[in-house]
1. Going by the conditions given, is K313 more than 31 Å from the chain's Cα centre (by Cα) and either within 26 Å of N466 (Cβ to Cβ) or aromatic (F, W, Y) (or both)?
2. Could you tell me how many of the residues in the stretch 141-171 are among the aliphatic types (A, V, I, L, M) and exposed (fewer than 13 other Cβ atoms within 10 Å of the Cβ)?
3. So K326 fits all but one of (1) touching a helix residue (DSSP H, G or I) at 6+ places or on another chain (Cβ under 7 Å); (2) modelled with pLDDT of 85 or more; (3) over 22 Å from A269 (Cα atoms); what number is the exception?
4. For the stretch 431-460, give me the residue count where each residue is of a type in the set (A, V, I, L, M) and in contact (Cβ under 8 Å) with a residue 60 or more places away in the chain.
5. Any idea which of L138, L122 is in contact with a Leu (Cβ under 7 Å, 6 or more places away or on another chain), open to solvent by less than 40 Å² (accessible area, probe 1.4 Å) and at pLDDT 75 or above?
6. From the list A48, A43, which one is touching a residue at least 40 places away in the same chain (Cβ under 8 Å) and out of contact with any helix residue (DSSP H, G or I) (no Cβ under 7 Å at 6 or more places or on another chain)?
7. Can you find even one residue in the stretch 17-26 that is farther than 24 Å from L176 by Cα, at pLDDT 90 or above, within 48 Å of the chain's Cα centre (by Cα) and not in a loop (DSSP other than H, G, I, E, B)?
8. Go through the stretch 715-728 and count every residue that is more than 21 Å from E644 (Cα to Cα) and open to solvent by 20 Å² or more (accessible area, probe 1.4 Å).
Amino acid sequence: MGQPTDYRYLPIPEELPLLPLRDVVVFPHMILPLFVGRERSVAAVEAALAGDRLIFLSSQKDVNQEDPTVEEIYEVGAVAMIMRMLKLPDGRIKVLVQGIGKARMNGVVQSAPCTVVRIERLAEAPLDETSELEVAALMRTVHDLLTQQAELGKPLSPEILAVVENMEDPSTLADLVASSIGLKIAEAQELLEIVSPVKRLQRVKDLLAKELELLTVQNRIQSQAKEEMGKSQREYFLREQLRAIQTELGETDVRAEDVAELRKKLEAANPQAEARAEAEKQIRRLETMHHEAAEYSMLRTYLDWLVDLPWSKGTKDNLDLKKARKVLDEDHFNLEKIKERILEFLAVRKLKKDHKGPVLCFVGPPGVGKTSLGKSIARALGRKFVRISLGGVRDEAEIRGHRRTYIGALPGRILQGMKQAGTNNPVFMLDELDKIGADFRGDPSAALLELLDPEQNHAFSDHYINLPFDLSGVLFIATANVLDTIPSALRDRLEVIRLSGYSAEEKVAIAERYLVPRQREACGLKKKDMNFSKRALLRIITEYTAEAGLRNLEREIGGVGRKIARRFAEGKKEPLLISETMVPKFLGAPRYLPEDARNANEVGLATGLAWTEVGGEILLIEVGTMKGKGELILTGHLGDVMKESAQAALTYARAHAVELGIAPEIFETLALHIHVPAGAIPKDGPSAGVTMATALISSLSGRKVRADVAMTGEITLRGKVLPIGGLKEKILAAIRAQVTTIIIPQQNSKDLEEVPAHVRRKVKFVLAQTMADVLAAALEPAP
């Protein structure tokens, strides 16, 4: 550190260039080099050098901010003199600055090419009534604390200690010490803003005392560690002597028992040659350790995992296709596509014994039976079933495990599941694959790439076991509500099978066959005690649940069962057949009335269809007009894609105004407001394009939109109707809303094959290629 020049009486202008500092707070009298690389910062240095070489230095509140605003910089900083400047080959500038005094920013004078701020110099507060004796004692205390820190190993320059010893000014002493002891930015800034020299020196003393206490504890811990190392060596020799004595006396050797047990388990596990060699090596290491040594328990835990894994133990597949089909039909209603896929797997397995298992991914709304389907598949194949939930998993070690060097390390959840199954070919379900996350600990989805690739998972490597484990015989089944959040590389390894929501008739059948018997048993009732008519179940489905799956339906049936169980417990033991009129007595007033159904044709109100993670929904789109200048107002918490669909619909209407019966000049005199109700719910996607266009054209032309028509499809500027997804779920939503006609894109006609025939018969489908087709079916004829 060079000898500071006394600039205390140097006049300071009211306006100076601002140089934000990332990781340092500059104090008066402090000399330090700065490396300047940001464009605005270089401009500030050049502006200062072009003038009186003075510059205002202040620290950023956020060191990661690349281009901080004035609000993101501390108000109080230091006025500094640029003593030297050197341009570096990489374009940066190295400057040597010396702090002159403190100042406070009072506003911005100039923003480009550098920031120039108005400053107010902060004068040191005069010494209060504190006696000279007390100030001298405080200064000596600061010097003593610094000396003690240096003795405990704190890296302090001998020059600092010498200068501090001869310092007489408390203000300069406080600033010098604060700039030398490596304070955090917040602590240094706090000191800089204290104008009273005595209070500032007192705060420095407190920080030094705290640091001294930490150094004392640190030295004590290091001394204890050295003592422990000597103590552990002494204990090792004593234990070895004790073992020799126990051997002479014929007492039990715990280590020998452990080794014998591990060798027995190793023979039973019959691992591959590489795993067997590693296990033998680690068992030999275990034989040389004392059973009370710290590493002994860690090695024993590792060997326990190694010999307990199902290296060669598997179950024999049930290759009787008829029996497998019967099991699948017993557990699940419909789901023909999935059942066919499992039977195909069994058929190939029957012909080719070493056939690798597929990696299936069931995608569908909650409650449609994805997880329970995995159990049913395992039962049909005669395999063990293992399930792990990936929802919220953010650490790669959850999949691959931790390395053995960490205390408390364990294998990942994959090998934990294999140990739980006890076989090397279970049905392994990876639930909620779309809810997996990633953070600084790694990306779990990347670890799944090897796991779910049949060409690689024959040698899956877990960090803890650190040996290849064969997972090629495992039938992996993943489940997800949506595919969008699954990384594309992982999605490419999955055979996706979609499970749509159930129609009301399917739900009634499933309730009669599965849900009612299950809830009857859960409530302790007999078959004759609780039964439902079909109309009662249908009323529960339509008026008490609103879902694509079955969870809420089973919950409501369970609610009825509990009330009947209470009647039996109170002595009223007559059997009950729940009729349609009795449902409100058990479940209360209906919660989901068909209010979505429109009773009358209206102008500017169209019914659209939407798809969500929980199934299909209807979407009412309203258009209102008012005096204006052609503005388009969009409300209802719409996403960017949906807003663009509204713009496309307006452009189509303006381009075809004459043929649509709309006066072209009306667009210049009216403002258009498109609103999608349920404003608190975010909405996005292109499939509402035709609905927006229909409501818009209806509002401008005065033609009413048919209330019994719902529609879906993306619109182009030229009026073409493009295909959409989630058609089955949207059709079911339309039927629930008592719609009789559904307009869909022509290119979606192939998707109607996936809709059950009894559902297709309930509505009329209009296949639209252009908006003209949509308007012809949706609007009343022009008067």
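The values are calculated or read from the model by the stated rules, or taken from the named source; none is laboratory data. Just so you know, these numbers come straight off a predicted model, no measurement behind them. Cβ placement follows ideal geometry from the backbone for every residue including glycine, while neighbour counts extend to all protein chains displayed. Ligands, DNA and RNA are stripped out before the accessible areas are found, and what is left, the full protein with its side chains, is counted by its heavy atoms. Shrake-Rupley method; radii C 1.70, N 1.55, O 1.52, S 1.80 Å.
1. Values: more than 31 Å from the chain's Cα centre (by Cα): yes; either within 26 Å of N466 (Cβ to Cβ) or aromatic (F, W, Y) (or both): yes.
Against the criterion (more than 31 Å from the chain's Cα centre (by Cα) and either within 26 Å of N466 (Cβ to Cβ) or aromatic (F, W, Y) (or both)), K313 qualifies.
2. First pass over the stretch 141-171, keeping only residues among the aliphatic types (A, V, I, L, M): 142, 145-146, 150, 152, 156, 160-164, 167.
Narrowing further to those that are exposed (fewer than 13 other Cβ atoms within 10 Å of the Cβ): 162.
Going through the stretch 141-171 one residue at a time, the tally reaches 1.
3. In the conditions (1) touching a helix residue (DSSP H, G or I) at 6+ places or on another chain (Cβ under 7 Å); (2) modelled with pLDDT of 85 or more; (3) over 22 Å from A269 (Cα atoms), K326 misses (1) alone.
4. Just the residues of the stretch 431-460 that are of a type in the set (A, V, I, L, M), to begin with: 433, 436, 438, 446-449, 451-452, 459.
Narrowing the set further to residues that are in contact (Cβ under 8 Å) with a residue 60 or more places away in the chain leaves 433, 452.
Total meeting the criteria: 2.
5. Details: L122 fails: in contact with a Leu (Cβ under 7 Å, 6 or more places away or on another chain).
It is L138.
6. On the way: A48 fails: touching a residue at least 40 places away in the same chain (Cβ under 8 Å).
Among A48, A43, only A43 is touching a residue at least 40 places away in the same chain (Cβ under 8 Å) and out of contact with any helix residue (DSSP H, G or I) (no Cβ under 7 Å at 6 or more places or on another chain).
7. Filtering the stretch 17-26 down to residues farther than 24 Å from L176 by Cα leaves 17.
Going one step further and asking which of them are at pLDDT 90 or above, we end up with 17.
Those left that are additionally within 48 Å of the chain's Cα centre (by Cα): 17.
Keeping just the survivors that are not in a loop (DSSP other than H, G, I, E, B) gives 17.
Yes: one or more hits.
8. First pass over the stretch 715-728, keeping only residues more than 21 Å from E644 (Cα to Cα): 727-728.
If we keep only those that are open to solvent by 20 Å² or more (accessible area, probe 1.4 Å) too, we end up with 728.
Adding up the residues that qualify gives 1.
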